1. Modelled with pLDDT of 95 or more, crowded, with 17+ Cβ neighbours inside 10 Å and away from ligand 2 (no atom under 15 Å from the Cβ), is that true of ILE55?
2. Identify the residue in segment 43-78 that is out of contact with any helix residue (DSSP H, G or I) (no Cβ under 8 Å at 6 or more places or on another chain) and among the polar types (S, T, N, Q) and, among all such residues, is farthest from ligand 1 (Cβ to nearest atom).
3. Can you find, within segment 1-29, the residue that is farthest from MET168 (Cα to Cα) among those that are in a loop (DSSP other than H, G, I, E, B) and without any contact (Cβ under 8 Å) to a residue 40 or more places away in the chain?
4. Among all residue pairs at least 6 apart or on different chains, which show Cβ distances below 9 Å where the first residue, located in segment 141-160, is at positive phi and the second is within 16 Å of ligand 1 (Cβ to nearest atom) and open to solvent by 80 Å² or more (accessible area, probe 1.4 Å)?
5. Please find, among LYS146, LYS121, LYS156, LYS105, the residue that is touching a Phe, Trp or Tyr at 6+ places or on another chain (Cβ under 7 Å) and either surrounded by fewer than 16 Cβ atoms within 10 Å (Cβ to Cβ) or of a type in the set (Lys, Arg) (or both).
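The values are calculated or read from the model by the stated rules, or taken from the named source; none is laboratory data. These numbers were taken from a predicted model, which means no experiment stands behind them. Because the Cβ atoms are built from the backbone with ideal geometry, glycine has one as well, and the counts that use them run over all protein chains shown. Surface areas here come from the heavy atoms of the whole protein model, side chains and all, with no ligands, DNA or RNA. Shrake-Rupley method; radii C 1.70, N 1.55, O 1.52, S 1.80 Å.
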Amino acid sequence: MLQFKLVLLGDSSVGKSSIVHRFVKDSFDEFRESTIGAAFLSQTVKLGKHDDVTIKFEIWDTAGQERYKSLAPMYYRNANAALIVYDVTQPGSLLKAQSWVEELKHKVGDQDLVICLVGNKLDLCAEDPNARQVDIDDAQAYAQEKHLLFHEVSAKTGVGVAQIFQEMGEKVYEQ
Ligand code: GDP
Ligand code: MG
């Protein structure tokens, strides 16, 4: 089975670990402990566009804290895919996501790396219309300009999560 390395990056508390757990275990935990260093999980994806092809993602879920920042290159080096997460209710987290995009483009180049920008905690916007602090059009325009995939999701309800990995799977397989 073809295996691909996927790394999650983004500010702490944006929901990186929650997205991975939704994808790998289809569960959500309100009181998830924050990640120390990095966590490793793997999961397979059956590709829709390519009959009978199943790929495996080896997922490195990094800690967002500044004190672990020097470890990040160890996880994004040789990565095939990067999921850069922000929280749609925290505008500062989009700025952080953008700085990760710049770092990846600078250090890795984008030829072989599929990058997806992900706005998480979409469920909070449904609960309270004032909760949204990042305009979807702004984030999408940025993603387009940088040639990134883009999704808004909720790790809590699960909406959009499977699509991220499906789309990234298709893309890494095709290149
Ligand atoms: P990480 O530091 O980026 O790995 O973030 P975590 O996955 O540890 O999540 C941080 C906090 O946000 C936890 O309390 C989660 O329960 C919460 N959280 C994560 N995803 C969502 C989501 O989609 N919606 C809501 N409402 N809360 C979320
Ligand atoms: Mg985490």
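1. It is true that ILE55 is modelled with pLDDT of 95 or more, crowded, with 17+ Cβ neighbours inside 10 Å and away from ligand 2 (no atom under 15 Å from the Cβ).
2. So the residue we want is THR54.
3. ASP29
4. GLY158/ASP26
5. Working: LYS146 fails: touching a Phe, Trp or Tyr at 6+ places or on another chain (Cβ under 7 Å); LYS121 fails: touching a Phe, Trp or Tyr at 6+ places or on another chain (Cβ under 7 Å); LYS105 fails: touching a Phe, Trp or Tyr at 6+ places or on another chain (Cβ under 7 Å).
Step by step, each of LYS146, LYS121, LYS156, LYS105 is checked, and only LYS156 is touching a Phe, Trp or Tyr at 6+ places or on another chain (Cβ under 7 Å) and either surrounded by fewer than 16 Cβ atoms within 10 Å (Cβ to Cβ) or of a type in the set (Lys, Arg) (or both).
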